[in-house]
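The values are calculated or read from the model by the stated rules, or taken from the named source; none is laboratory data. As the structure is a prediction and not an experimental result, all values here were calculated from the model. Cβ placement follows ideal geometry from the backbone for every residue including glycine, while neighbour counts extend to all protein chains displayed. What goes into the accessible areas is simple: the full protein's heavy atoms, side chains included, and nothing from ligands, DNA or RNA. Shrake-Rupley method; radii C 1.70, N 1.55, O 1.52, S 1.80 Å.
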Amino acid sequence: MVFTPSGIEAAAAPGTTVLDTARAAGVDIDSVCGGRGLCGRCQVVPGTGHFAKWGLTSTADALTAPGTTEREYRGRRPLGMGHRLGCQAGVLADVVIDVPAQSQVHRPVVRKAIDLGAITVDPVVSLHYVVLPPAALGDESSDAERLTDALADQWGLAAVEVPAGALPGLSAAVAAGSGAVTAVVHSRRRDHGPGDASPPVERRVLTVRPGYVDEAYGVAVDVGSTTVAGYLLNLASGEVVATAGRMNPQIRFGEDLMSRVSYAMLNPGGTAELTQAVREAIDELVDELSHAAKVDRAAVCELVVVGNPIMHHLVLGIDPTPLGAAPFTLAVRDGVWADARDIGLDLPGAALYVGPCIAGHVGADAVAALLAEGPHRSSRPMLVVDVGTNAEILLGDGTRVWAASSPTGPAFEGAQISGGQRATAGAIERVRIDPDTLEPRYKVIGSERWSDDPGFAGSLSSLEISGLCGSGIIEVIAEMFLAGIIDHRGVIRGELAARSPRIVADGRTFAYVLQTEPVPLSVTQNDVRAVQLAKAALRAGIDLLMTHAGITEPAEVRLAGAFGAHISPVHAMVLGLVPDGPVDGVTGVGNASGAGAARMLVSGSQRAEAEHAARSVVKIETATEARFQELFVAAMALPHEAAATTHLERVVDLPPRPPAGTHQAGTRRTRPHRDRRTRQEQP
């Protein structure tokens, strides 16, 4: 059995329930009724098809058929379509089981706040109140003609189209408003570049509402491989009135992008399944946002969607398999203008815009981040890094922008790490290690106190410290390096076991123990290697761009995404995730892709800027670069095999680097200690 999204694999005797197997394997799954089929909290979704990542085929008959308890279940949590009660479904054959977020005790915390910064609101959707002259006997003008005439006479809007989608509700709106209606008009500028001073404008009516209406809303959606984040904005003011996020349900088909491409390739109808899953998530997100803001869903007039190339294609219902192999050709690169109903969303009066991509591995989410952070507008070298399972890198100096992607894998999100987990309540997110005693202290999501603070245990309430999330993984390994527990090659120094019980033998290698109870948590040698491989892939991509751009040092580094927003800039530099530069120039900027999508939503000029910028980006394909492997090997070292650390050494004491060609024996630092408490308390 394989459980997603955790990736935990387990063996089960035939007939064992899914819930019992999950609990024995340490899978995070809820249940409060003792497995009697009453609470509905243990709902799971069995997968069907061939899953290349795990080398197994999961079929519908891999679980026992629903029994009386399951068929007659009427609990407070309705049984979703395709869901099974984990406490009732028995295992009969190899199977992939998805544990949805609502069935997890430690539900993922989707942290996707955005900051739009200074922006001029210039929406492509506008409201126009008009009064239509009453129809008279003998006047052959249709309601559509009278509407377009009124828009021309009363608003100066010529040649407005009333498409088929706006017609069904038109006459009813005119009758209900006694001829007074508000037309929701969508405008598209057909500009061909920054030099096009007066581009033609195409206008069409999205819907017509009876009477006077003065509120219109839009939704910006950032579809990531792991999470889907949505933002509801007032189109008149640009105000973000609600935010929401959820796990991408496609995780059940594979954690990483290539696993999903393989699923689409190997399973008939796989693309349709992946598309349906993400579209349903977007539709549910719109519903959640509307309820949160107490806004009528019908008031949503436009939807903007961005995502990596594979998510971009799947949202549009396009087969992603060409993106899984060279030459990684996109089906469409420009922004896509359509209606929300075209992708199956229940938004009959809303337009849809899917942002432009740059290339086969650099998508609309990178373009949105580019728009939000502005490396193409910066007067100084700026590096923007969106850290995820597939990191996207942008480097600009105000004249040109270079872009690349690096396959970092899911290690930064807790996968492939022995004690790793997603960012949920109870996950360790901050770590500090005393360099003299090698004792750790940490903070967990859900508590504001450090583990050595008075009242820490009480602040946890019923929380159980259950693992390390991405920011905690970065910090614990950086701290292990600063404390001398691992050398610059990432080897855990076994000789330190004589100094501290925190260093323990782990087979032929060693591990560092963070806690022994209630859940044992250690950082193993394999964990360190997994992080080194991920960070080396990212750093090699960055170094490659800097070589092409002729830039030796970025003045600013923007760490984007939920992960980037919550890691310590200093620890990121200690690990070597980003190159050396002014430490105060390294900042976390939150969900830059979401912010860029929101900018495209409330401003037509921002949308045009994004399309122009996407066309001018220089894409560097890491897969075909001869130097990538060389740069990757150099980046495996901590912080780096050869790169300078001048700026970093001004704020932390780095262990002395061994002479070239020698193996580090674990020498202690010889420089005087700086104020360790200052570093330990920094956020």
(message) I need every pair where a residue in region 364-375 that is within 12 Å of Gly396 (Cβ to Cβ) has its Cβ under 7 Å from the Cβ of a residue that is buried (at least 24 other Cβ atoms within 10 Å of the Cβ) and polar (S, T, N, Q), sequence separation at least 6 or different chains.
(response) Ala369/Ser593
(message) Could you tell me how many of the residues in region 78-96 are surrounded by fewer than 16 Cβ atoms within 10 Å (Cβ to Cβ) and in contact (Cβ under 8 Å) with a residue 12 or more places away in the chain?
(response) 4
(request) Among the residues of region 561-579, write down those that are part of a helix (DSSP H, G or I) and small (Gly, Ala, Ser). (result) Gly561, Ala562, Gly564, Ala565, Ala572
(request) Would you check which residues across region 368-399 are within 29 Å of Gly467 (Cβ to Cβ) and open to solvent by 20 Å² or more (accessible area, probe 1.4 Å) and list them? (result) Asp386, Asn390
(message) Could you list, ordered by first residue, the pairs with Cβ atoms under 7 Å in which the first is in region 214-238 and closer than 25 Å to Thr408 by Cα and the second is in a loop (DSSP other than H, G, I, E, B) and among the β-branched types (Val, Ile, Thr), at least 6 apart or interchain?
(response) Ser225/Thr389; Thr226/Thr389; Thr227/Val110; Ala229/Val110
(request) For region 610-620, state whether one or more residues are at pLDDT 90 or above and among the acidic types (Asp, Glu). (result) yes
(message) Restricting to region 610-625, name every residue that is open to solvent by 50 Å² or more (accessible area, probe 1.4 Å) and over 21 Å from Ser406 (Cα atoms).
(response) Glu611, His612
(request) Please enumerate the residues belonging to region 450-482 that are surrounded by 24 or more Cβ atoms within 10 Å (Cβ to Cβ), over 11 Å from Leu638 (Cβ atoms) and of a type outside the set (Val, Ile, Thr). (result) Gly467, Leu468, Cys469, Gly470, Ser471, Gly472, Glu475, Glu479
(message) Where the second residue is acidic (Asp, Glu) and the first is open to solvent by 50 Å² or more (accessible area, probe 1.4 Å) and lies in region 114-138, which pairs have Cβ atoms under 9 Å and are six or more apart or on separate chains?
(response) Tyr129/Asp214; Pro133/Asp139; Pro133/Asp149; Ala135/Asp143
(message) Looking for something open to solvent by less than 20 Å² (accessible area, probe 1.4 Å), part of a strand (DSSP E or B) and in contact with an Asp or Glu (Cβ under 6 Å, 6 or more places away or on another chain) - is there at least one such residue anywhere in region 23-43?
(response) no
(request) Filter region 96-127 down to residues that are outside any loop (DSSP other than H, G, I, E, B) and modelled with pLDDT of 80 or more and give me whichever is nearest to the chain's Cα centre (by Cα). (result) Asp98
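Of all residues in region 294-313, which are of a type in the set (A, V, I, L, M) and surrounded by 18 or more Cβ atoms within 10 Å (Cβ to Cβ)?
Once the filter is applied, which keeps residues that are of a type in the set (A, V, I, L, M) and surrounded by 18 or more Cβ atoms within 10 Å (Cβ to Cβ), region 294-313 yields Ala299, Val300, Leu303, Val304, Val305, Val306, Ile310, Met311.
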(request) Within region 1-46, work out how many residues are within 19 Å of Gly414 (Cα to Cα) and not aliphatic (A, V, I, L, M). (result) 8
(request) Scan region 458-486 residue by residue and report those that are farther than 14 Å from Val523 by Cβ and in contact with a Ser or Thr (Cβ under 9 Å, 6 or more places away or on another chain). (result) Ser459, Leu460, Ser461, Leu463, Ile465, Ser466, Ser471, Gly484
(message) Criterion first (at pLDDT below 95 and of a type outside the set (Val, Ile, Thr)) does Ser500 satisfy it?
(response) no
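Report the residue count in region 274-297 for those that are touching a strand residue (DSSP E or B) at 6+ places or on another chain (Cβ under 8 Å) and not in a loop (DSSP other than H, G, I, E, B).
Adding up the residues that qualify gives 11.
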(request) Could you tell me which numbered condition Asp334 fails, if it satisfies all but one of (1) over 30 Å from Trp402 (Cβ atoms); (2) surrounded by fewer than 19 Cβ atoms within 10 Å (Cβ to Cβ)? (result) (1)
(request) Would you check if there is a residue in region 288-304 being without any contact (Cβ under 8 Å) to a residue 60 or more places away in the chain and under 21 Å from the mean Cα position of the chain (by Cα)? (result) yes
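Here's a check for you: in region 400-435, which residue that is over 21 Å from the mean Cα position of the chain (by Cα) and modelled with pLDDT under 90 is most open to solvent (accessible area, probe 1.4 Å)?
Taking the candidates together, the pick is Ser418.
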(request) Kindly provide the set of residues from region 298-328 that are touching a strand residue (DSSP E or B) at 6+ places or on another chain (Cβ under 7 Å) and aliphatic (A, V, I, L, M), ordered by number. (result) Ala299, Val300, Leu303, Val304, Val305, Val306, Met311, Val315, Leu316
(request) Please indicate, with yes or no, whether at least one residue in region 256-274 is more than 16 Å from Thr321 (Cβ to Cβ) and either in contact (Cβ under 8 Å) with a residue 24 or more places away in the chain or surrounded by 21 or more Cβ atoms within 10 Å (Cβ to Cβ) (or both). (result) no
(request) For region 239-246, state whether one or more residues are farther than 18 Å from Asp98 by Cα, open to solvent by less than 40 Å² (accessible area, probe 1.4 Å) and either in a loop (DSSP other than H, G, I, E, B) or β-branched (Val, Ile, Thr) (or both). (result) no
(message) What's the total number of residues in region 44-59 that are of a type in the set (Val, Ile, Thr) and assigned to a loop (DSSP other than H, G, I, E, B)?
(response) 2
(request) Collect the residues in region 595-641 that are acidic (Asp, Glu) and within 12 Å of Ala372 (Cα to Cα), keeping them in residue-number order. (result) Glu609
(request) Considering every residue within region 242-255, establish whether at least one is in contact with a Phe, Trp or Tyr (Cβ under 8 Å, 6 or more places away or on another chain) and over 30 Å from Val121 (Cβ atoms). (result) yes
(request) Give region 51-61 a look and list any residue that's open to solvent by 60 Å² or more (accessible area, probe 1.4 Å) and in contact (Cβ under 8 Å) with a residue 40 or more places away in the chain, or say none. (result) Lys53
(request) Find the residue count for region 401-453, including only residues that are of a type outside the set (Val, Ile, Thr), over 25 Å from Ala366 (Cα atoms), in contact with a Gly (Cβ under 6 Å, 6 or more places away or on another chain) and not in a loop (DSSP other than H, G, I, E, B). (result) 3
(message) Can you go through Ala511, Ala530 and tell me which one is at pLDDT 95 or above, among the small types (Gly, Ala, Ser) and either open to solvent by less than 10 Å² (accessible area, probe 1.4 Å) or within 26 Å of the chain's Cα centre (by Cα) (or both)?
(response) Ala511
(request) Considering only region 571-599, state which residues are open to solvent by 10 Å² or more (accessible area, probe 1.4 Å) and under 30 Å from Val125 (Cβ atoms). (result) Val589, Gly590, Arg599
(message) Residues to consider are Phe628, Phe563; find the one that is among the aromatic types (Phe, Trp, Tyr), open to solvent by less than 30 Å² (accessible area, probe 1.4 Å) and in contact (Cβ under 8 Å) with a residue 12 or more places away in the chain.
(response) Phe563
